[in-house]
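Here the structure is laid out as structure tokens; the discussion comes afterwards.
The numbers here are math on the coordinates, done by the rules we state, and not lab data. Because the structure is a prediction, the values reported are computed rather than measured. Note that we place each Cβ from the backbone using ideal geometry, even for glycine, and neighbour counts take in every protein chain shown.
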Amino acid sequence: MIPGVLTVAGSDSGGGAGIQADLKTMLALGVHGMSVVTAVTAQNSLGVQGAWELPVESVRAQYRSVVDDIGVQAVKTGMLASAELVEAVAELIAGTDAPAVVDPVGVSKHGDALLAASALDSVRTKLLPVATVATPNLDEVAQIAGVRVEAERDMRTAAAAVLAYGPRWVLIKGGHLPGDAVDLLTDGSEEHWLRAPRHDNRHTHGTGCTLASAVASQLAKGQSVPEAVAAAKDYVTGAVAAGFALGGGIGPVDHGWRFRTGTER
């Protein structure tokens, strides 16, 4: 059987992030991608021009429709704009026997807000406790836990602050720091530092969505969390290296780079 992975996230009309990035990643990594759309955005390479949240009953119905019939081997969350949506999705995940990768999306690559300030407490108290892996970037760490990461040495403090909210593992993404792209994966007892050379490429739209979806895809295939994160990091590094111009702003990573290079999954 091909493992099934469910993404619960917003739609990106430009195709670089959100549901679209998630499904492309899942296809590239050999799993069957399914989706629960939580919001529709008008979005391109220049930014987010508009966002419309879907009703909670629509999100619940989409989720139950997939899980009750098809089943899932992993769930990934992205844009959950409101406290009501965050709490509904957390409840659904808690009742699903599958690993969950939570990408606590707060802002877009262009700095556009994608999470209401009033929803932050729900992320902390409802969503993070049901996460197998949480994957915040440094801006999201500051937003959720109030920890400012100025250098690599601060990443342990950030990880501890996020773990205090209850996820089993946290992946602190250090991509906003200078130098190599360094991430820290930890469950509070063991640490895994993941390093990759920084590619001179500004076309990085969708990196967070892509990484979280890659982790979920590898978990669905039966890998451990450290194995899944390492494989996902390798996939995203290649996708960033192959990122391409699209429109007049920040282009996307190339989700299909392995198809063009012949690299094995």
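Descriptive notes on the structure:
- With each label modelled as a point 7 angstrom along the Cα→C-beta vector, the Asp180-Arg195 pair spans 0.3 nm.
- Taking N as its residue count, the alpha carbon Rg of the stretch 178-243 over 2.2 N^0.38 Å: 1.12
- Under the Karplus curve 6.51 cos²θ - 1.76 cosθ + 1.60, θ = phi - 60°, whole-Hz ³J(HN,Hα) for the stretch 71-79, x wherever Gly or Pro sits: x, 9, 9, 6, 10, 10, 10, x, 5
- Length-normalised contact order of the chain in % [C-alpha pairs under 8 Å, at least 6 apart]: 19
- Gyration tensor (alpha-carbon) shape descriptor, the stretch 26-72, a/c threshold 1.5: oblate
- Taking every alpha-carbon pair in the chain and binning the separations at 5 Å intervals from zero gives 1, 7, 15, 19, 22, 19, 13, 5, 1, 0 percent.
- Basic side chains Lys and Arg get +1 at the Cβ, acidic Asp and Glu get -1 at the Cβ, and with that the dipole of the stretch 4-260 about its Cα centre reaches some 460 debye.
- Charges were assigned to the Cβ only: +1 to each Lys and Arg, -1 to each Asp and Glu. The resulting dipole of the stretch 36-163 about its Cα centre is roughly 220 debye.
- Normalised contact order of the stretch 4-49, rounded percent, pairs of Cα under 8 Å and 6 or more residues apart: 46
- Centre-to-centre separation between the Cα atoms of the stretch 30-73 and those of the stretch 195-265: 21 Å.
- Pairwise alpha-carbon distances in the stretch 1-54 exceed 16 Å for 41% of all pairs.
- Rg/Rh for the stretch 26-104, where both radii come from Cα atoms and Rh is the Kirkwood radius: 0.98
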